[in-house]
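Chemist: Encoded as structure tokens, here's the structure I'll be asking about.
The values are calculated or read from the model by the stated rules, or taken from the named source; none is laboratory data. Only a predicted model underlies this, so the values are computations on that prediction, with no experimental measurement involved. Positions of Cβ are generated from backbone atoms using ideal geometry, with glycine treated the same way; all protein chains shown enter the neighbour counts.
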Amino acid sequence: MAFRDLMAPDTEPTDEELAVVMREARDLAVKRRAISDAWIAARLEEITRPDQERRARPDQGKESAS
């Protein structure tokens, strides 16, 4: 196998090299999306928890309406 200078300006990536880069980019995007989705879900749960707890206690809901 011949040595390729990957930094040479006229060097084109092989199909295999492109496939590796694209696969890694996809995997990273999927991982970042999962992290983002989890963060959003946690913030929504945090924000709505007090209201859900208040609604779960019927006596509290009646007092605040009076």
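Chemist: I'd like to verify a number: residues in the range 1-34 that are surrounded by 10 or more Cβ atoms within 10 Å (Cβ to Cβ) and in a loop (DSSP other than H, G, I, E, B), how many?
Modeler: 4
Chemist: Here are some residues: 45, 53, 63. Which one is at pLDDT 90 or above, part of a helix (DSSP H, G or I) and of a type outside the set (A, V, I, L, M, F, W, C)?
Modeler: Exactly one of 45, 53, 63 is at pLDDT 90 or above, part of a helix (DSSP H, G or I) and of a type outside the set (A, V, I, L, M, F, W, C), namely 45.
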